[in-house]
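Working notes for the structure below.
The values are calculated or read from the model by the stated rules, or taken from the named source; none is laboratory data. What you see is a predicted model, and the numbers here were worked out from it, not measured in a lab. Cβ placement follows ideal geometry from the backbone for every residue including glycine, while neighbour counts extend to all protein chains displayed. Heads up: the accessible areas ignore ligands, DNA and RNA and are worked out on the full protein's heavy atoms, side chains in. Shrake-Rupley method; radii C 1.70, N 1.55, O 1.52, S 1.80 Å.
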Protein chains: 2
Amino acid sequence: MTDEQLKQYNDWKFRLSAYEMALGLIGIDKLTVAPPAGAAYRDERTAFLSGEHFSIYTDPANLELLKVLKEEVEDEDIRKEADTYYRDIMKIVSIPKAEYVAFQRATDASYDAWIEAKQTNEYKRFEPHLKSMIEWRRKFCSYRNSELSLYDQLLDNYEPGMTQEAYDVFFNRIRERLVPFIDRVSEADAIEDAFLFQSCDTVLQKKWTENVLLPYLRFDPDWGYQNETEHPFTSWTCENDCRTTTKYLENNVVSSIFSTIHETGHAWYEHNIDPKYDGTILSTGVSSGMHESQSRFCENYLGRSLPFWEANYPSLQKQFPKQFGSVSLLQFMNAVNASHRSLIRTEADELTYPIHILIRYEIEKGLFNGSISTEQLDRTWDEMYQKYLGVHASTASEGILQDVHWSDGSFGYFPTYALGSAFAAQFYSAMRRDIDVDEALRSNRYIDCIHWLKEHVQKYGARYSADEILRRATGESFNPDYYIDYLIDKYSRLYQL
Amino acid sequence: MTDEQLKQYNDWKFRLSAYEMALGLIGIDKLTVAPPAGAAYRDERTAFLSGEHFSIYTDPANLELLKVLKEEVEDEDIRKEADTYYRDIMKIVSIPKAEYVAFQRATDASYDAWIEAKQTNEYKRFEPHLKSMIEWRRKFCSYRNSELSLYDQLLDNYEPGMTQEAYDVFFNRIRERLVPFIDRVSEADAIEDAFLFQSCDTVLQKKWTENVLLPYLRFDPDWGYQNETEHPFTSWTCENDCRTTTKYLENNVVSSIFSTIHETGHAWYEHNIDPKYDGTILSTGVSSGMHESQSRFCENYLGRSLPFWEANYPSLQKQFPKQFGSVSLLQFMNAVNASHRSLIRTEADELTYPIHILIRYEIEKGLFNGSISTEQLDRTWDEMYQKYLGVHASTASEGILQDVHWSDGSFGYFPTYALGSAFAAQFYSAMRRDIDVDEALRSNRYIDCIHWLKEHVQKYGARYSADEILRRATGESFNPDYYIDYLIDKYSRLYQL
């Protein structure tokens, strides 16, 4: 490895990171404030820039260099970095650039169609795009020459190492233990939570979030910014530039609160990665499941706990005295944890949440093994919600059109949501052995929990695999029992079963 | 001109427009919501992307093609387009790319320093960057081999065809006729306007702007978006993507109102350019002065008129009953036009505004002919404000640090602000011959005025020179008397002189 080669490699990484920054910011802009009538003009040019990024990324000369680096360099960080680039590039290197650019264009069109379809409740408007996204994924995977099945390849994109076989074990466990338990919960006395759905001025909600919640979460405007959008997400360009979004709903004050805690959890992960990885492939969460474990940790394991609200409920009551003045802390706590068999994944409680994912997982498997087609997918969706949760969507936007993910071809992504929740349970158990979580939350030291996550998970970025991180942080590989036990224990107490 | 050449040319334009879109959106992001701690990371990559744009823009093979196009092609639109590109490229083609990238980086650093200096009121923090920006401009101009003097080259960048000689004539006229007139106004009975500076909740200001003002101005969220920023500006990527910003001040409710009318005036110009020019050098206002003529037309000639407020004042009173319930329309009208010898350019009234520009023009001339240095420029600034307006800034942020423009090396730009106001007066006179402006404003048909501007000015983009547009729209070349007569007439009546 000559100095010249190292310079060439660093230069390659820098050029890539410049396009990634631009594409990232254009993407955030599109999802938050970009005027819709300009979409076609912007999308066409965004597709071109994606193509430029693709050309640099798959540059054959650099691929040769990566082969050398990943095997011959002494520095283990660089070896890991080069190896990670190499594996990732091999997944796409055989895709003709023109097809890659056409895919980017199709993705933008599909997203725009999803937005329109959702607004007008017409699944038919989106269906051809969904079909096209599946075909694109199938086509791209066919270039890979992989031994993995099609759906396994997609699963591996988001959670390296995970397969349909492994997910089947996980989801079967959920089906066996949680589905009957949820039935029992649904037969228990309902928890009063109607007061959560009173009208609360969204301007005041935003004020409370900005003045109380974000400071409590230590989300620092120096490196973070929260915007509003239809479907909350987090995006980032480097350690010191992490963007979150939320959505304020007049008749559901806790919706934006928990989405804020969730998204800032993602932001903390990216912010806390060792800055020596900035601008490289290691400077990101190691997998989607690991990312989701951090956000759900914050949202559920911290945000839905009593000590969190011991610290924050008084100020929420003060902001909305008419709505919450006569609701006790305990009533509020029970309400934000109440379980309902409901329609909307992002509004689901912790207990039924994995069932929403189970349904999407079953549908994805079917779409890619050919047993389910897109044509009547709105009906298939409805049948599965009837079967597993006993609920029926009266509009497509409450049913199949509720999520953004399939609109941009992110198949194989949903299962990581449940996996992340399960990782989080395992981290939660380990963290409680090390620090007094409840006391930290109660006494405005949320940051103590974040520091634990930083030291045991976040600082590594993608330097170690998800499994290595789990073993280092908790002393064992992934074990879904932590998750299922936690849910059954929590909800048994809540519903006095 | 072969088909192959035409394809090559179109491809070149498309690639350029993609980088311009990306750089435009990154720029808006930087000035509105980007987390400050990420600036260094982003700026370095933005500089790289600017360099890529520069490489494409100055590609020698394309320059040869432009030479053919601008002389041999029959289509006059294409000839003009190629000629405009050619002239523009010749201004920068001899700059070494590495220097160009270094300049972009220096510009970002200078902007960041200006922000900091303004916050801490320390001119010294910004001074080295200002000096550096001047040197960069001097250096870049030295590559041009132009016969024009240094400052004339800078003036020509923003207002093609204008020179120091021509501006001297204009500003001398302003100095001779307006300076003594302003003295007379300042001796007349003051107009009561203290009520404008009462506290008005910025959340309610924003609500009024979004619910009343923007709809009145027909600023359509389908193609436009208004954000908030320290220093309001307008930016755009195409006909259907025009972004404005404003700043809400608690103790100056009309500040954001007039900045909104002003910036949406810029946005209308870009939106109304014939879309056949989208993505080319002709799809932008023909000069800075012409752009400013459109924004100031909206802000002052329309927005500060009685019929505009006959339509809008009742709802403003309703939004702020405590502040304006007992202020009559006429009192309000007089107040928003009241003249003060004051410190802040962007808050200046119509009458004293050109004096703020005159001061900046004199300073720029001095900086580039060597008679003024940056070291004590804060003092020089203060002396000139004393001399022309009799006021003294107690902090640098109210003095030399108030404007963003020099921080990014935009020397030669300020004079176009006064020129634009003067163009606008000439258009105003012509428009009133064609349509009943007052009746349009009064009866919620602001759009009629915009349509006149579209048909006579805006739709042409940069297809015709500023002088050609003035002659087509008003029947004569630029004549500053319209402006000075308008101001003297308006303020003589207002102050009963």
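Here is how the numbers come out for the structure above:
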read-out: Residue that is within 22 Å of the chain's Cα centre (by Cα) and modelled with pLDDT of 95 or more, where the choices are B:L419, B:L441; value: B:L419
read-out: Failed item, numbered, when B:N444 is tested on (1) within 23 Å of B:E383 (Cα to Cα); (2) in a loop (DSSP other than H, G, I, E, B); value: (1)
read-out: Residues that are surrounded by fewer than 20 Cβ atoms within 10 Å (Cβ to Cβ) and either facing chain A (nearest Cβ under 7 Å) or closer than 15 Å to B:Y111 by Cβ (or both), drawn from the range B:16-29; value: B:L23, B:G27
read-out: Residue within the range B:99-110 that is buried (at least 19 other Cβ atoms within 10 Å of the Cβ), under 25 Å from B:D408 (Cα atoms) and among the charged types (D, E, K, R) present; value: yes
read-out: Of all residues making up the range B:441-497, the number that are open to solvent by less than 40 Å² (accessible area, probe 1.4 Å), free of Cβ contacts under 8 Å to residues at least 60 places away in the same chain and under 26 Å from B:L330 (Cβ atoms); value: 1
read-out: Restricting the range A:111-160 to residues that are among the charged types (D, E, K, R) and outside any helix (DSSP H, G or I), the residue that is surrounded by the fewest Cβ atoms within 10 Å (Cβ to Cβ); value: A:E147
read-out: Residue tally, condition of a type in the set (D, E, K, R) and touching a Cys at 6+ places or on another chain (Cβ under 9 Å), over the range A:264-321; value: 2
read-out: Condition broken by A:G38, with the remaining ones in (1) at the interface with chain B (Cβ under 10 Å from one of its Cβ atoms); (2) touching a helix residue (DSSP H, G or I) at 6+ places or on another chain (Cβ under 9 Å); (3) open to solvent by less than 30 Å² (accessible area, probe 1.4 Å) satisfied; value: (2)
read-out: Given (1) within 14 Å of chain B (Cβ to nearest Cβ); (2) open to solvent by 60 Å² or more (accessible area, probe 1.4 Å); (3) within 18 Å of the chain's Cα centre (by Cα), number of the condition A:D201 does not satisfy; value: (3)
read-out: Cross-chain or 6+ apart pairs with Cβ under 8 Å, the range A:296-318 first and not assigned by TED's automatic domain parsing to the domain that holds A:I261, then open to solvent by less than 30 Å² (accessible area, probe 1.4 Å); value: none
read-out: Matching residues, the range A:55-82, being of a type outside the set (V, I, T) and within 14 Å of chain B (Cβ to nearest Cβ); value: A:S55
read-out: Which listed residue is part of a loop (DSSP other than H, G, I, E, B), closer than 21 Å to B:N300 by Cα and of a type in the set (F, W, Y), from B:Y491, B:Y413; value: B:Y413
read-out: Residue list for the range B:223-263, filter: within 14 Å of another protein chain (Cβ to nearest Cβ), closer than 14 Å to B:G285 by Cβ and not hydrophobic (A, V, I, L, M, F, W, C); value: B:T234, B:S235, B:E239
read-out: Flag if A:A425 is touching a Gly at 6+ places or on another chain (Cβ under 8 Å), more than 20 Å from A:G366 (Cβ to Cβ) and part of a helix (DSSP H, G or I); value: no
read-out: Out of B:K118, B:K91, sole residue that is under 24 Å from the mean Cα position of the chain (by Cα), of a type in the set (D, E, K, R), over 21 Å from B:I281 (Cα atoms) and not assigned by TED's automatic domain parsing to the domain that holds B:E230; value: B:K118
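Residue by residue, here is whether (1) modelled with pLDDT of 95 or more; (2) open to solvent by 30 Å² or more (accessible area, probe 1.4 Å); (3) acidic (D, E) holds:
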site: B:R184; (1), (2), (3): yes, yes, no
site: B:D193; (1), (2), (3): yes, no, yes
site: B:N211; (1), (2), (3): yes, yes, no
site: B:W223; (1), (2), (3): yes, no, no
site: B:P232; (1), (2), (3): no, yes, no
